[in-house]
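Here's the structure we're looking at; comments come further down.
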Amino acid sequence: MNTFFSSDQVSAPDRVALWHDVICRSYVPLNITLTSEQPFIGTVSTGNLGTVRIATSSSLPQQITRTRRLISQDEREYLMVGVQSAGHALVQQHGRTARVGRGGLVFWDTRHPYDILFPTDWRMSVFQFPRYSFGFTEDFIGRMTAVNVGGDRGIGRVVSSFMTSINDATDAGDLAEVASLHNSAVDLLSAAIRTELADQAAASDGLLECVLAYIRQNLADPNLCASQIAAEHNVSVRTLHRLFSATGQGVAEHIRTLRLERIKTELADPTSRRYTISALAREWGFLDPSTFSRAFKDAYGITAREWAASASAPPTEAS
């Protein structure tokens with residue numbers, strides 16, 4: 001691997017401009033925003049594994065952005081694989097953010113906009129695979145970018161070590177059997193990202209079950225809402241909404257549906273006669289009678305009073 005750029009070899013006034021130029025030539029056209037007031041330092045080294053270009057960079061805190069305009073000016077198409085060796089990175093693409101720590105792996109797609117934030121001093125090796133290398137479908141690529149594959153456990157640790165060894169061997173000029181190593185890298189990286197996505201899906205299923213159980217247990221709480229549920233389960237509201245996308249209902253809609261079903265059931269129960277409809281609605285989190293009345297009729301096509309009457313459990317107060 002050849003040192004393509006070192007800030008030590010460039011006069012201070014020229015370093016930032018040259019850094020931008022070198023980064024764009026080593027990767028793809030990008031916008032770079034430095035977020036540190038310290039005197040600039042940075043290095044870039046490059047090498048190759050057959051058709052795969054490898055670029056290892058280190059520098060100060062900064063943000064790297066690929067915009068639609070830059071994509072339109074560049075015909076190259078890569079699936080990038082970043083291996084973090086110092087500091088950490090936040091890789092954002094397709095509405096996801098991956099926090100990649102030391103030893104972690106992450107994919108991103110140069111055909112779509114992305115941001116990479118390095119909040120502290122950092123070092124990352126990026127393997128630039130031609131997009132066709134993996135044979136992934138467009139749908140799969142849309143799901144596997146900006147997903148962190150931790151390098152501290154399981155297959156992630158194996159693959160991270162393997163990719164780091166390739167990078168080190170390239171640096172030392174020791175690589176032979178390049179085609180075989182390339183194919184092994186593709187197979188291992190494919191297995192790593194598929195395993196990570198499968199693990200995340202299983203974890204999401206388990207988390208969703210916990211959330212649904214929590215909602216059922218706290219259905220009568222009038223303050224039950226997405227932000228409260230998310231805080232209780234240590235996830236973001238955005239993550240919670242993404243979990244619920246698999247159910248076909250939003251969080252608020254799910255809560256409202258369960259509450260209405262409970263009220264509908266109790267209205268048909270003779271033992272609930274002692275309650276007014278308004279009181280029953282309040283017990284299940286509907287504090288405003290008019291809101292409840294509209295919700296009930298929208299859901300079932302009749303008023304709560306009409307339902308109670310048809311179920312032979314007349315209420316003591318009109319809805």
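For the reader, a short list of remarks on this structure follows.
- Selection within the range 41-53 - open to solvent by less than 20 Å² (accessible area, probe 1.4 Å) and either assigned to a loop (DSSP other than H, G, I, E, B) or touching an Asp or Glu at 6+ places or on another chain (Cβ under 9 Å) (or both): G47
- Single match in Y78, Y27 (criterion: out of contact with any Cys (no Cβ under 7 Å at 6 or more places or on another chain), open to solvent by 30 Å² or more (accessible area, probe 1.4 Å) and aromatic (F, W, Y)): Y78
- Subset of the range 66-75 [in contact (Cβ under 8 Å) with a residue 40 or more places away in the chain and open to solvent by 90 Å² or more (accessible area, probe 1.4 Å)]: R68, Q73
- Count of the range 84-107 residues, restricted to those that are open to solvent by 10 Å² or more (accessible area, probe 1.4 Å) and among the hydrophobic types (A, V, I, L, M, F, W, C), is 2.
- Every residue from the range 262-309 that is charged (D, E, K, R) and either surrounded by 14 or more Cβ atoms within 10 Å (Cβ to Cβ) or over 25 Å from C225 (Cβ atoms) (or both): R262, K264, E266, D269, R273, R274, R282, E283, K297, R305, E306
- With respect to being part of a strand (DSSP E or B) and either hydrophobic (A, V, I, L, M, F, W, C) or out of contact with any helix residue (DSSP H, G or I) (no Cβ under 6 Å at 6 or more places or on another chain) (or both), Q38 falls outside the description.
- Subset of the range 111-146 (residues that are in a loop (DSSP other than H, G, I, E, B) and surrounded by 22 or more Cβ atoms within 10 Å (Cβ to Cβ)): T145, A146
The values are calculated or read from the model by the stated rules, or taken from the named source; none is laboratory data. No experiment lies behind these values; they were computed from the predicted model shown. Quick reminder, even Gly has a Cβ in these numbers, built from the backbone with ideal geometry, and neighbours come from all protein chains shown. Note: areas computed on protein heavy atoms with side chains; ligands, DNA, RNA excluded. Shrake-Rupley method; radii C 1.70, N 1.55, O 1.52, S 1.80 Å.
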